[in-house]
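The values are calculated or read from the model by the stated rules, or taken from the named source; none is laboratory data. These figures come from a predicted structure and were not determined experimentally. FYI the Cβ positions are ideal-geometry reconstructions off the backbone, even for glycines, and counts take in every protein chain you see. Ligands, DNA and RNA are stripped out before the accessible areas are found, and what is left, the full protein with its side chains, is counted by its heavy atoms. Shrake-Rupley method; radii C 1.70, N 1.55, O 1.52, S 1.80 Å.
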Amino acid sequence: MDGRRRTVGLRRAAFFRSKASRRPSEPPEAWSDEARLAYNMEKSIQNGIFAAIAAGIFSSFLPLFAIEALHATDYQVALLSSLPQLVNFLVLIPGALWLARLRRLKPFTAANLGLGKVFMLLVALAPVQPWLDPAWWVVLFVALMNVPMALGALGWQAFIGALIPPERRN
């Protein structure tokens, strides 16, 4: 049984060490275009997987956290469900117009996604703040968190579109 466990573990770990992630011995500037593209595509997929897992965990347990730990009202829980979509709706069109004028997507995308993670931290710290009902802070932080997250998602899509040639997308 020990050999079987080892084999399964090696197969799982192989996902993170596929051919694309085995870098050539040269520095990245000397890689071929195909090796660089394969490496970037693999890292993009891994990043997407981990981001989807984190977002799923956060959004799945947020209403439960608000109800059980913060004693949120039905109205506050409803706002937690609806405000993020409303904020996304209000941010996407102006964000797309703003994004079209940017020259450098990478810093814009990284800054917005990082700021979204800061708001996740503020949601976690909401129960210990002394100023207002913690449930209202969570509602406010979740609504505000969706501004940089929506802009970051727009930037990420444009960044990946520029990174991966059209014939390799599916």
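Overview of results
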{"quantity": "Qualifying position, being assigned to a helix (DSSP H, G or I) and either in contact with a Cys (Cβ under 6 Å, 6 or more places away or on another chain) or within 16 Å of residue 122 (Cα to Cα) (or both), among 78, 55, 51", "calculated": "55"}
{"quantity": "Residue that is modelled with the lowest pLDDT [pool: residues in the stretch 19-59 that are more than 23 Å from the chain's Cα centre (by Cα) and hydroxyl-bearing (Ser, Thr, Tyr)]", "calculated": "25"}
{"quantity": "Sole exception among (1) without any contact (Cβ under 8 Å) to a residue 60 or more places away in the chain; (2) open to solvent by 90 Å² or more (accessible area, probe 1.4 Å); (3) farther than 25 Å from residue 39 by Cβ for residue 71, by number", "calculated": "(1)"}
{"quantity": "Residue count for the stretch 75-104, restricted to those that are more than 15 Å from the chain's Cα centre (by Cα), open to solvent by 40 Å² or more (accessible area, probe 1.4 Å) and within 23 Å of residue 54 (Cα to Cα)", "calculated": "8"}
{"quantity": "Residue in the stretch 110-124 that is in a helix (DSSP H, G or I), open to solvent by less than 50 Å² (accessible area, probe 1.4 Å), closer than 21 Å to residue 163 by Cβ and of a type in the set (Phe, Trp, Tyr) present", "calculated": "no"}
{"quantity": "Which listed residue, of 158, 135, is among the small types (Gly, Ala, Ser) and open to solvent by 30 Å² or more (accessible area, probe 1.4 Å)", "calculated": "158"}
